[in-house]
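The values are calculated or read from the model by the stated rules, or taken from the named source; none is laboratory data. As the structure is a prediction and not an experimental result, all values here were calculated from the model. Cβ: placed from backbone, ideal geometry, glycine included. Neighbour counts: every protein chain shown.
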Amino acid sequence: MAESPQIFLAVSGASGSRYARRVLQRLLDDGIPVGLTLTRQGQTIATEELGPADDPVSLILGHPDPRVIWYANDDFTSPFATGSQPWRAMVVVPCSMGMVGRMAAGIAHDLITRAADVALKERRRLILTPRETPFSLVHLRNLTTLCEAGAVILPPSPGFYQHPSSIDDLVDFVVARIMAHL
C-alpha cells in the first residue's frame, strides 16, 4: 500500500505550470508522497504550457508516477478536505487571484479552497504562489488577509544575482524558495 500523501499540490488557473512541475519533481526526489489536483482552468493552461497528456499526473509531472495520488477538485472525500487526517502542507502553484479571493473569503466550494481552509484552521503550512502582475488593491488586501491567517505568500519573483542562464534556472530559483518554506 502506498504511503499517504503528506503534501497537497494544487494547480489553479494561472500561468506558471512549469513551477508546479518542478515542485512536484523536487518533492518526489525528496521521497515525499504527494496529492495533486488541478482546477479545470489550471488543466487547460497546463496543457497549453506543458503540452497534452493522458492524465493529470502526466500533465504536470511529464510522466505517470504511482507516488502521486490524483484527486479531482470536487473530491471532498480527499484526506486534504479534513483536519482529522495527518497531512503536513499545501502548495498552490500557480495560484490565480480568483483562488486567492475565494480563500481569503473562506469560500470552500471545491477541494482546493476547502484544503486551504483546513490548512489555515489547523495551522498547517499553506504556501501560495500568486501569478499576477500588477496587484490591485483588492489582490493586496486578499493576500494580506491570508498572510495574517498564516499563509506564506511567495510570488514567483526570481533573483538574478546567481546569473541565470536559462528559464529553468529562473524556475529553480523560485522552486528552491518554495521547498525551503515546506
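Scan region 96-123 residue by residue and report those that are β-branched (Val, Ile, Thr) and in a loop (DSSP other than H, G, I, E, B). Don't jump to the end; show me each part of the working.
First, pick out the residues of region 96-123 that are β-branched (Val, Ile, Thr): 100, 107, 112-113, 118.
Passing the criteria: only ILE107.
The conditions are (1) polar (S, T, N, Q); (2) touching a strand residue (DSSP E or B) at 6+ places or on another chain (Cβ under 8 Å); (3) farther than 19 Å from VAL174 by Cα; (4) assigned to a loop (DSSP other than H, G, I, E, B), and SER15 fails exactly one of them. Which is it?
(3)
Identify, please: which residue in region 133-149 is surrounded by fewer than 17 Cβ atoms within 10 Å (Cβ to Cβ) and of a type outside the set (Ser, Thr, Tyr) and is, among those, farthest from GLY16 (Cα to Cα)?
Quick first cut of region 133-149, residues surrounded by fewer than 17 Cβ atoms within 10 Å (Cβ to Cβ) only: 133-138, 140-141, 144-145, 147-148.
Checking the rest, the ones that are also of a type outside the set (Ser, Thr, Tyr) come to 134-135, 137-138, 140-141, 147-148.
Working: PRO134: 16, PHE135: 16, LEU137: 22, VAL138: 22, LEU140: 20, ARG141: 22, CYS147: 21, GLU148: 25 Å.
Here the answer is GLU148.
Only one of these is part of a loop (DSSP other than H, G, I, E, B), more than 20 Å from ILE32 (Cβ to Cβ), out of contact with any helix residue (DSSP H, G or I) (no Cβ under 6 Å at 6 or more places or on another chain) and polar (S, T, N, Q): THR144, THR133. Name it. Explain how you work it out, then say what you get.
Numbers: THR144 fails: part of a loop (DSSP other than H, G, I, E, B).
Exactly one residue qualifies, and that residue is THR133.
Could you pull out the residue among GLY16, GLY51 that is surrounded by 17 or more Cβ atoms within 10 Å (Cβ to Cβ) and either among the small types (Gly, Ala, Ser) or at pLDDT below 95 (or both)?
Numbers: GLY51 fails: surrounded by 17 or more Cβ atoms within 10 Å (Cβ to Cβ).
Only one candidate passes the filter, namely GLY16.
With respect to LEU126, determine if the residue is of a type in the set (A, V, I, L, M, F, W, C) and either out of contact with any strand residue (DSSP E or B) (no Cβ under 9 Å at 6 or more places or on another chain) or part of a helix (DSSP H, G or I) (or both). Even if it seems obvious, please write down each step before you answer.
Numbers: of a type in the set (A, V, I, L, M, F, W, C): yes; either out of contact with any strand residue (DSSP E or B) (no Cβ under 9 Å at 6 or more places or on another chain) or part of a helix (DSSP H, G or I) (or both): no.
It is false that LEU126 is of a type in the set (A, V, I, L, M, F, W, C) and either out of contact with any strand residue (DSSP E or B) (no Cβ under 9 Å at 6 or more places or on another chain) or part of a helix (DSSP H, G or I) (or both).
For region 156-166, check the following and say yes or no: at least one residue is in contact with a Pro (Cβ under 7 Å, 6 or more places away or on another chain) and in contact (Cβ under 8 Å) with a residue 24 or more places away in the chain.
The answer is no; no qualifying residue exists.
Could you grab the pairs with beta carbons closer than 7 Å, sequence gap of 6+ or different chains, first residue in region 4-17 and on the phi > 0 side of the Ramachandran plot, second one assigned to a strand (DSSP E or B) and among the basic types (Lys, Arg)?
Nothing qualifies.
Just to be sure before I move on: is PRO52 over 19 Å from VAL23 (Cβ atoms), out of contact with any strand residue (DSSP E or B) (no Cβ under 7 Å at 6 or more places or on another chain), in contact (Cβ under 8 Å) with a residue 12 or more places away in the chain and not in a helix (DSSP H, G or I) in the structure I sent?
Numbers: over 19 Å from VAL23 (Cβ atoms): yes; out of contact with any strand residue (DSSP E or B) (no Cβ under 7 Å at 6 or more places or on another chain): yes; in contact (Cβ under 8 Å) with a residue 12 or more places away in the chain: no; not in a helix (DSSP H, G or I): yes.
The answer is no for PRO52.
Scan region 77-85 and tell me whether some residue there is in a helix (DSSP H, G or I) and farther than 18 Å from PRO33 by Cβ.
No, region 77-85 has no match at all.
Here is a list: MET97, MET90. Which entry is surrounded by fewer than 21 Cβ atoms within 10 Å (Cβ to Cβ), closer than 24 Å to ARG40 by Cβ, touching a strand residue (DSSP E or B) at 6+ places or on another chain (Cβ under 8 Å) and of a type outside the set (Phe, Trp, Tyr)?
Numbers: MET90 fails: surrounded by fewer than 21 Cβ atoms within 10 Å (Cβ to Cβ).
Matching residue, one of MET97, MET90: MET97.
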